[in-house]
Amino acid sequence: MASEGAAAVLLVDQDVSIVREVVPFLAEKGYAVEQVDDGEKAYNLLDDRPFDVLITELNAHRINGMRLMAVAKDRNPEVCVILITREPDIEHATEAMRQGALDFQTKPLNLGKLEAVIQLGLGRQRLVLEQHELRRRLDEKYGLGSLVGKSRGMIKVYEAVRQIAPTRATVLIQGETGTGKDLVAQAIHTNSPRRDAPFVKLNCASIPEALVESELFGHVAGAFTGAVQTRKGRFELADKGTLFLDEVGELSPALQAKLLRVLESQQFERLGDSRTINVDVRLIAATNRPLEKMVAEGNFRDDLYYRLHVVTIDVPSLRQRREDIPPLVDFFFREACRANGKELEGITRNATDVLMRYDWPGNVRELKNIIEGIVIMSRPGRLLDVQDIPEHIRRTTAPEVREMRIPTGATMADVERIVIEETMKVCGFNKERCATTLGIGLRTLYRKLKEYDIR
Ligand SMILES: Nc1ncnc2c1ncn2[C@@H]1O[C@H](COP(=O)(O)OP(=O)(O)O)[C@@H](O)[C@H]1O
Ligand SMILES: [Mg+2]
């Protein structure tokens, strides 16, 4: 409802007998009632705040009920509108209902009926709003909003998702394990017109090869040993929606051929059945193995590859977008605290710097697990610091003593540039630490970074 608690009702009527009756009646029933006697005042009120219910004369001096309804709906699309006339007027009533009025009543009003209609309308309104709320929460969870990170690499991913989500093009998502391919697939579905139909996932690597076929296409009872009952496959379950085939590079050659046929015809048969089934499925595939290379080596069908990579999204590895690490750390830190009911102070800048220098072979998934582990192991109220980070990460990121090479013939400016560049690397691009190490002021460092165009 537009307002918390009492539903807000606006009554627009000049008829004193109606006003005297309706206002106290609805107030007593617990509604917050406002009453005005002309259209202008009503527009002002509607501009001011949303109303849940509008009761108005259809046509009176300075009151145009149809226009008021349009304005009220503009402010609150779910508003319940009840129009009142002096005489029964079928023609206007039909038109009003067509434009979304809830009811049309004739004077004198039957108060019981009036209230019943309001109740009905508010009930419907509540349902619609609940659905909106559910949608909003789902969007937050599975829409682009669930992806953290604003690096240039990820912004390219978001733009691609926005562009291709509304189409029904087959999408191939490529990226190392743990980079967020599942989230991207989910976001494409959630942002597509198919969002209300199922999002079905099958990981081709996680089930035995012999079962993949029946998982994809389903089977009838007796199709093979163990097939006791008829079962729908993922293609059927995903009808009108999206099928996400993870690790598509793991499909056997025979299944690659079958998949190609479905993509071309949107038709297939259940195992052990000759009946052809038609489906309307959008396919999203993902791989952490370079399919192009597999094609070149003869391990993946080139015709299927061309079908799949109509549109490709490359999700960059975490080490290619280190600036995403701090916001991800922050996000997983809060999430882990909430999930484990812990209250921790936060995480120091030094600790975050160490995490930024690590190469993250398991990408975002690895980062998430590490943060979760740290949070679980630490005592409440603490500020997490470098020593809380697992040893293997600290070891590989310790600023080592490195030598830098300065070619003969270098100018003093070249030397300065090389020294600053190398020190920045060792300090994990932390400018304060770099300035301290070099023994210069932070402002000086900023100036020199700009001068030498070091980023
Ligand atoms: N950009 C991101 N923002 C927030 N969480 C992410 C992000 N990328 C990945 N994750 C999380 O990391 C884990 C691994 O992501 P997932 O999509 O399963 O990766 P992949 O499918 O590429 O192996 C999941 O828990 C996911 O929620
Ligand atoms: Mg995955």
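The values are calculated or read from the model by the stated rules, or taken from the named source; none is laboratory data. Source: prediction; values computed, not measured. Using ideal geometry, Cβ is built from the backbone for each residue, glycine included, and neighbour counts are taken over all protein chains shown. Calculation scope for accessible area: heavy atoms of the full protein, side chains included, ligands and nucleic acids excluded. Shrake-Rupley method; radii C 1.70, N 1.55, O 1.52, S 1.80 Å.
Calculate, in nm to one decimal, what Arg365 and Leu129 gain on full extension: separation in residues at 0.36 nm each, minus their alpha carbon distance.
Numbers: separation 236, 0.36 × 236 = 84.96 nm, distance 3.52 nm.
Once the chain is fully extended between Arg365 and Leu129, it gains 81.4 nm.
Would you please give the FRET efficiency between Arg261 and Asp89, computed as 1/(1 + (r/R0)^6) with r the Cβ-Cβ distance and R0 = 56 Å, to the nearest 0.05? Walk me through the numbers before you get to the answer.
Values: r = 62 Å, r/R0 = 1.10.
Between Arg261 and Asp89 the formula returns 0.35.
Determine the gain in length on full extension of the stretch Glu391-Asp414; use 0.36 nm per residue of separation and subtract their C-alpha separation, reporting nm with one decimal. Kindly include the intermediate steps, with their values, before the conclusion.
On the way: separation 23, 0.36 × 23 = 8.28 nm, distance 3.69 nm.
This chain segment gains 4.6 nm when fully extended.
From the square roots a ≥ b ≥ c of the eigenvalues of the alpha-carbon gyration tensor of the stretch 10-99, which class results: rounded (a/c under 1.5), prolate (a/b over b/c), or oblate?
On the way: a/c = 1.44, a/b = 1.11, b/c = 1.30.
Since a/c stays below 1.5, the shape of the stretch 10-99 is classed as rounded.
Among Ala413, Leu144, Ile370, which residue has its Cα furthest toward the positive end of the charge dipole of the chain, with +1 on Lys/Arg Cβ and -1 on Asp/Glu Cβ?
Final value for the positive-end residue is Ala413.
Run the reach check for Lys113 against lysines, Cα to Cα strictly under 29 Å, same-chain hits fewer than 8 apart removed. What comes back?
Counting by Cα, and skipping residues close in sequence, Lys113 has these lysines nearby: Lys29, Lys41, Lys73.
Relative to the first principal axis of the alpha-carbon coordinates of the chain, what is the inclination of helix 325-339, with its axis defined by its Cα atoms, in degrees from 0 to 90 and to the nearest 10?
Helix 325-339 sits roughly 60 degrees off the main axis of the chain.
In whole Hz, with x marking every Gly and Pro, tabulate ³J(HN,Hα) for the stretch 422-435 from phi via Karplus 6.51 cos²θ - 1.76 cosθ + 1.60, θ = phi - 60°.
So the Karplus estimates, Gly and Pro as x, are 5, 5, 4, 4, 4, 8, x, 6, 8, 5, 4, 5, 4, 4 Hz.
Which FRET efficiency value, to the nearest 0.05, do you get for Tyr452 and Glu403 by plugging their Cβ-Cβ distance into 1/(1 + (r/R0)^6) with R0 = 22 Å? Don't skip to the answer; put the middle values down first.
Details: r = 20 Å, r/R0 = 0.92.
My answer for the efficiency is 0.65.
Under the classification rounded if a/c is under 1.5, otherwise prolate if a/b is larger than b/c and oblate if not, where does the stretch 319-397 fall, given a ≥ b ≥ c as square roots of the Cα gyration tensor eigenvalues? Before the final figure, lay out the partial values.
Details: a/c = 1.76, a/b = 1.46, b/c = 1.21.
Prolate shape, in that a/c is at least 1.5 and a/b is the bigger ratio.
What angle do you read, to the nearest 10 degrees and between 0 and 90, between the alpha-carbon axis of helix 442-451 and the longest principal axis of the chain?
That works out to roughly 80 degrees.
Classify the stretch 412-451 as rounded, prolate or oblate, taking a ≥ b ≥ c as the square roots of the eigenvalues of its Cα gyration tensor: rounded when a/c is under 1.5, otherwise prolate if a/b is larger than b/c and oblate if not. Don't jump to the answer; show the numbers that get you there.
Details: a/c = 1.66, a/b = 1.20, b/c = 1.38.
Oblate, because a/c is 1.5 or more while a/b does not exceed b/c.
Residues of the chain: accessible area per residue at 1.4 Å, in Å²? Let's see the in-between values first.
On the way: 24570 Å² over 455 residues.
So the chain comes to 54 Å² accessible per residue, rounded to a whole number.
Could you compute the net charge surrounding Val9? Neighbours are other residues with a C-beta less than 9 Å from the C-beta of Val9; K and R count +1, D and E count -1. Intermediate results must be reported in sequence, preceding the final value.
Details: positive: none; negative: Glu34, Asp52.
Around Val9, the surrounding residues sum to -2.
Would you please name the chymotrypsin sites (Phe, Trp or Tyr not before Pro) within the stretch 218-301 that are DSSP coil residues with at most 13 other C-beta atoms within 10 Å of their C-beta? Walk me through the intermediate numbers first.
Details: sites: Phe224, Phe235, Phe244, Phe268, Phe300; in loops: Phe224, Phe300.
Of the chymotrypsin sites (Phe, Trp or Tyr not before Pro), the ones in loops of the stretch 218-301 whose Cβ has at most 13 other Cβ atoms within 10 Å are Phe224.
Give a residue-ordered list of calculated ³J(HN,Hα) values for the stretch 238-253 (Karplus: 6.51 cos²θ - 1.76 cosθ + 1.60, θ = phi - 60°; whole Hz; x for Gly, Pro).
8, 3, 6, x, 10, 10, 10, 9, 8, 6, 5, x, 8, 5, 5, x
Starting from the Cα-Cα distance between Phe25 and Asp314, subtract it from 0.36 nm times their residue separation and give me the gain in nm to one decimal.
Length gained, Phe25 through Asp314: 97.7 nm.
Put a dot 7 Å past each Cα toward the Cβ at Ala116 and Glu335; how far apart are the dots in nm?
For the pair Glu335/Ala116, the computed spacing is 5.1 nm.
Using amide H atoms built 1.01 Å from N in the peptide plane, name the residues 5+ places from Val311, or on other chains, whose amide H lies under 5 Å from its own.
HN-HN under 5 Å from Val311: Leu172.
Determine the share of the chain's accessible area contributed by carbon and sulfur atoms, expressed in whole percent, with a 1.4 angstrom probe.
Working: 12320 of 24570 Å².
Whole-percent figure for carbon plus sulfur exposure: 50.
Along each principal axis of its Cα atoms, how long is the stretch 251-366 end to end? Whole angstroms, biggest number first, please.
63, 35, 22
Given 25 °C and 0.890 mPa s, how large is the Stokes-Einstein diffusion coefficient of the chain in µm²/s, with Rh as the Kirkwood radius over Cα pairs? Numbers along the way, then the final one.
Working: Rh = 28.2 Å.
Approximately 87 µm²/s, per Stokes-Einstein.
Over 32 Å between Cα atoms, which of Lys156/Lys293; Lys156/Lys201; Lys240/Lys342 qualify? Each step should come with its number before you reach the end.
Working: Lys156/Lys293 24 Å; Lys156/Lys201 24 Å; Lys240/Lys342 42 Å.
Beyond 32 Å between Cα atoms: Lys240/Lys342.
Roughly how many debye, to the nearest 20, is the charge dipole of the chain about its Cα centre, given +1 on each Lys and Arg Cβ, -1 on each Asp and Glu Cβ, and no other charges? Could the numbers behind the result be given before it?
Values: 65 positive and 68 negative charges, 266 e Å.
The dipole of the chain has a size of about 1280 debye.
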